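The next block holds one structure in the form of structure tokens; read it before the comments.
The values are calculated or read from the model by the stated rules, or taken from the named source; none is laboratory data. Quick caveat: nothing in here was measured; it's all calculated off a predicted structure. Here the Cβ positions follow ideal geometry from the backbone for every residue, glycine too, while neighbour counts run over all protein chains shown.
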Amino acid sequence: MTLSIQSKETIQRWLQDPYIDDETKQELQQLEGQPKELEDRFYKELEFGTGGLRGIIGAGSNRINRYTVGKATQGFACYINEEYGTAEGRPSVVIAHDSRHFSPEFTLEAALVLAGNGIVAKLFSSLRPTPQLSFSVRDLQATGGIVVTASHNPPEYNGYKVYNASGGQLVPDEAERVISYIQQVDSFAAVKRMDQAEAEEQGLLVWLGEPEDKAFVRTVADTSVNASLIQSSLGQDFEIVYTPLHGTGNIPVQQVLQTVGFTNVHVVPEQEQPDPEFSTVKSPNPEEREAFTLAMKLGSELNADILIGTDPDCDRMGAVVRDHNGEYVVLSGNQSGALMIHYLLSQLQESGRMPANGAVIKTIVTSEMGAAIARHYGAEVFNTLTGFKYIGEKMDEFEQTGDYTYLFGYEESYGYLAGNYARDKDAVLASLLICEAGAYYKAQGKTLYAVLQELYEQFGYFQEKLESRTLKGKDGLAQIQSMMSNWRETPPQSVAGVSVQEVLDYSQGLNGLPKENVLKYMLTDGSWFCLRPSGTEPKIKVYFAVCGDSLSDAEGRIQKLSAEVMARVDS
């Protein structure tokens, strides 16, 4: 393979740029003779999408490093000063990070670039959960937020997410304006950066810590539905095993559970401390059973009622419960969401606190089971595109119009939020809510698994499945684009013997939603499947959903549906 002319020119600019340090240049020089690696590092700029930056750590324009972080921050600073520079007082941005490699360095770089642009950077002194960042932007009335994290990506990745003044991730129109400012930063010399000592002296770098932590823990604990009941008895009889998967959740999750009244919380010792290599798991992802291997071992020893795990930046929560045979079963994101909706709304209804205009928000690839439960309790259900930023945007709309009272929002990918204190998914809150539901039903002699079976009997046997294919690099991106074009141009007429009733092409901006490269195929029996390129990973994701007359019927349908669709995807 030979390097493209564009990549060669970009490499030379990096090697000759006086603003790039010698260590970075040496890293690039050591890659001489590796054209494929150099091409992947330089064939494009690391894209700032609606979720910000995410990429492999290293030198290069298509990598995340202090220079690409600095350039993105300069663009964000220009956006803030243009949008909010005329407001009274200095604009401010709250910054947090997770346990990944170079996360502290990248957050400090962002803070010093903001300071260089006259913006107050409010920086957490050590790792904090992403939902706390969202909360603190609102609580401190900041102009925006930045969190450095790559969620549950492999250890070689890091990322950079940007938040607006309401504490939500940027939605497309906001992101497009920020991107336009980033594109105007034509060199690293154009990045304004202040020395740390000077920034601190001028009050442009402010360190956050214990007061902000206490405010977050108190607010999440106050979102409890049955705190008095948990404190009086239920919390003492419920055994919890928790794993933070080497991330940011360890302290806040424990603090919130203890505040509400759970006294038997056992943390998996091998996974308690931050570790950027996530050395005890293949992937620090609570969506995967393997991530719970050590938690299951400890849970069996303690006869625990529930196992919970949070991803490195603690915005996703997975739960493991016992089935009828006492075996541990990993709940899907859809199942956990259905259980939490049922618990939350039933308790609000029983206590007379259910608002007449209550609303639940979910995404277009999330199960319809939670929607059916929500409607049963009289709540309105709203659908958004994938990404919690859209749920946050809908929450803002409710707050501004007063037409609906937000109750719960969730994604099938293990992201949940109850309460109006944040605009991003919160695994601290989800950990509390699922444990609270488990303790409540245990007092009635039921496990969460048993409650789930009751919900299936009442609302239908919903089953969902996700398949994904990882296609890395320049060639992988082209493959994904080709695949989407193929499905768009030649849609199937039937799948697994069932006719396709409707094709929803979200690139056309359906139902008032923003345009997005997503295809959803609705079948005549009520089942559906959806193709969506991931916005944060080099993957194409394929979602499947059915509703059967029994569990075996639903499982048979989804196997047939997914097998036939994936055969075409892989062809």
Say we look at the stretch 493-503 and pick out the residues that are surrounded by 16 or more Cβ atoms within 10 Å (Cβ to Cβ) and modelled with pLDDT of 95 or more; which of these is nearest to THR384 (Cα to Cα)?
-> VAL500
Identify, by number, the condition in (1) surrounded by fewer than 23 Cβ atoms within 10 Å (Cβ to Cβ); (2) assigned to a strand (DSSP E or B) that ALA96 doesn't meet.
-> (1)
Would you mention how many residues in the stretch 242-268 are surrounded by 24 or more Cβ atoms within 10 Å (Cβ to Cβ) and either of a type in the set (Ser, Thr, Tyr) or modelled with pLDDT under 95 (or both)?
-> 3
Every listed condition ((1) under 17 Å from LYS425 (Cα atoms); (2) assigned to a helix (DSSP H, G or I); (3) not small (Gly, Ala, Ser)) holds for LEU298 save (1)
Quick check: anything in the stretch 346-354 within 24 Å of the chain's Cα centre (by Cα), buried (at least 18 other Cβ atoms within 10 Å of the Cβ), in the same structural domain as LEU432 (by TED's automatic domain parsing) and hydrophobic (A, V, I, L, M, F, W, C)?
-> no
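Does the stretch 533-546 contain any residue that is more than 27 Å from the chain's Cα centre (by Cα) and not acidic (Asp, Glu)? Give the steps one after another, and end with the answer.
Applying the first criterion (more than 27 Å from the chain's Cα centre (by Cα)) to the stretch 533-546 yields none.
The answer is no; no qualifying residue exists.
Name the residues in the stretch 455-468 that are closer than 16 Å to GLU368 by Cα and not basic (Lys, Arg), would you?
Taking the stretch 455-468 first, the residues closer than 16 Å to GLU368 by Cα are 455-466.
Those that are closer than 16 Å to GLU368 by Cα and not basic (Lys, Arg): LEU455, TYR456, GLU457, GLN458, PHE459, GLY460, TYR461, PHE462, GLN463, GLU464, LEU466.
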Does THR68 count as touching a helix residue (DSSP H, G or I) at 6+ places or on another chain (Cβ under 6 Å), crowded, with 23+ Cβ neighbours inside 10 Å and either at positive phi or in a helix (DSSP H, G or I) (or both)?
-> no
For the stretch 474-492, what are the residues that are surrounded by 13 or more Cβ atoms within 10 Å (Cβ to Cβ) and out of contact with any Phe, Trp or Tyr (no Cβ under 9 Å at 6 or more places or on another chain)?
-> GLY476, LEU477, GLN479, ILE480, GLN481, MET483, MET484, ASN486, ARG488
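I'd like to check something: does the stretch 269-277 contain any residue that is part of a loop (DSSP other than H, G, I, E, B), modelled with pLDDT under 95 and among the polar types (S, T, N, Q)? Let's see the steps before the verdict.
The initial filter retains those residues of the stretch 269-277 that are part of a loop (DSSP other than H, G, I, E, B), namely 272-277.
Imposing the further condition that a residue be modelled with pLDDT under 95 reduces the set to none.
Within the stretch 269-277, not a single residue is part of a loop (DSSP other than H, G, I, E, B), modelled with pLDDT under 95 and among the polar types (S, T, N, Q).
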Return yes when VAL281 is surrounded by 17 or more Cβ atoms within 10 Å (Cβ to Cβ), more than 30 Å from LEU407 (Cβ to Cβ) and touching a Pro at 6+ places or on another chain (Cβ under 9 Å) and no when it is not.
-> no
If you scan the stretch 39-63, which residues turn out to be hydrophobic (A, V, I, L, M, F, W, C), assigned to a loop (DSSP other than H, G, I, E, B) and closer than 30 Å to GLU393 by Cα?
-> LEU46, PHE48
Within the stretch 468-567, strands (runs of 3 or more DSSP E) holding 3 or more residues that are more than 30 Å from PRO155 (Cα to Cα) and touching a helix residue (DSSP H, G or I) at 6+ places or on another chain (Cβ under 7 Å) = 539-548
Are there any pairs, at least 6 apart or on different chains, whose C-beta atoms fall under 9 Å, with the first in the stretch 328-355 and farther than 23 Å from GLU239 by Cα and the second among the hydroxyl-bearing types (Ser, Thr, Tyr) and part of a strand (DSSP E or B), and if so, which?
-> ASN334/TYR410; PRO355/THR405
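Here's a check for you: in the stretch 401-421, which residue that is surrounded by fewer than 20 Cβ atoms within 10 Å (Cβ to Cβ) and at pLDDT 95 or above is nearest to PRO355 (Cα to Cα)? Full working, then the answer.
Here is the first cut: in the stretch 401-421, the ones surrounded by fewer than 20 Cβ atoms within 10 Å (Cβ to Cβ) are 401-403, 405, 419-420.
Checking the rest, the ones that are also at pLDDT 95 or above come to 401-403, 405, 420.
Details: THR401: 16, GLY402: 12, ASP403: 11, THR405: 7, ASN420: 15 Å.
Out of the qualifying residues, it is THR405.
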In the stretch 247-268, how many residues are within 19 Å of ASP426 (Cβ to Cβ), in contact with an Asp or Glu (Cβ under 7 Å, 6 or more places away or on another chain) and not in a helix (DSSP H, G or I)?
-> 2
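Look at ALA59 and say whether it is hydrophobic (A, V, I, L, M, F, W, C), within 30 Å of ASN420 (Cα to Cα) and at pLDDT 95 or above.
Details: hydrophobic (A, V, I, L, M, F, W, C): yes; within 30 Å of ASN420 (Cα to Cα): no; at pLDDT 95 or above: yes.
No: the conditions fail for ALA59.
Would you say ALA291 is free of Cβ contacts under 8 Å to residues at least 60 places away in the same chain, closer than 22 Å to TYR157 by Cβ and part of a helix (DSSP H, G or I)? Give the derivation first.
Values: free of Cβ contacts under 8 Å to residues at least 60 places away in the same chain: yes; closer than 22 Å to TYR157 by Cβ: yes; part of a helix (DSSP H, G or I): yes.
Yes, satisfied.
Can you find, within the stretch 1-38, the residue that is surrounded by the fewest Cβ atoms within 10 Å (Cβ to Cβ) among those that are aliphatic (A, V, I, L, M) and not in a loop (DSSP other than H, G, I, E, B)? Working first, answer last.
Within the stretch 1-38, the first condition is being aliphatic (A, V, I, L, M), and the residues that meet it are 1, 3, 5, 11, 15, 20, 28, 31, 38.
With the extra rule that they be not in a loop (DSSP other than H, G, I, E, B), the set shrinks to 5, 11, 15, 28, 38.
Details: ILE5: 8, ILE11: 22, LEU15: 12, LEU28: 18, LEU38: 21.
Ranking the candidates gives ILE5 first.
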Taking GLY326 and the conditions (1) out of contact with any Asp or Glu (no Cβ under 9 Å at 6 or more places or on another chain); (2) modelled with pLDDT of 95 or more, which numbered condition does it fall short on, given that it satisfies the others?
-> (2)
When the stretch 225-242 is checked residue by residue, the ones that are closer than 30 Å to PRO154 by Cα and either in contact with a Ser or Thr (Cβ under 8 Å, 6 or more places away or on another chain) or part of a helix (DSSP H, G or I) (or both) are TYR242
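Quick one: in the stretch 422-460, of everything that is among the polar types (S, T, N, Q) and outside any loop (DSSP other than H, G, I, E, B), which residue is surrounded by the fewest Cβ atoms within 10 Å (Cβ to Cβ)?
At the first step, the residues of the stretch 422-460 found to be among the polar types (S, T, N, Q) are 431, 444, 447, 453, 458.
Applying the additional criterion that residues be outside any loop (DSSP other than H, G, I, E, B) yields 431, 453, 458.
Numbers: SER431: 31, GLN453: 15, GLN458: 11.
Checked the stretch 422-460; the qualifying residue surrounded by the fewest Cβ atoms within 10 Å (Cβ to Cβ) is GLN458.
Any idea which of ALA319, ALA374 is buried (at least 16 other Cβ atoms within 10 Å of the Cβ), in the same structural domain as TYR416 (by TED's automatic domain parsing) and outside any helix (DSSP H, G or I)? Step through it out loud before you land on a result.
Values: ALA374 fails: outside any helix (DSSP H, G or I).
Sole residue among the options that is buried (at least 16 other Cβ atoms within 10 Å of the Cβ), in the same structural domain as TYR416 (by TED's automatic domain parsing) and outside any helix (DSSP H, G or I): ALA319.
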Provide a single number: the residues in the stretch 453-486 that are in contact (Cβ under 8 Å) with a residue 60 or more places away in the chain, of a type outside the set (Ser, Thr, Tyr) and closer than 16 Å to ALA567 by Cβ.
-> 4
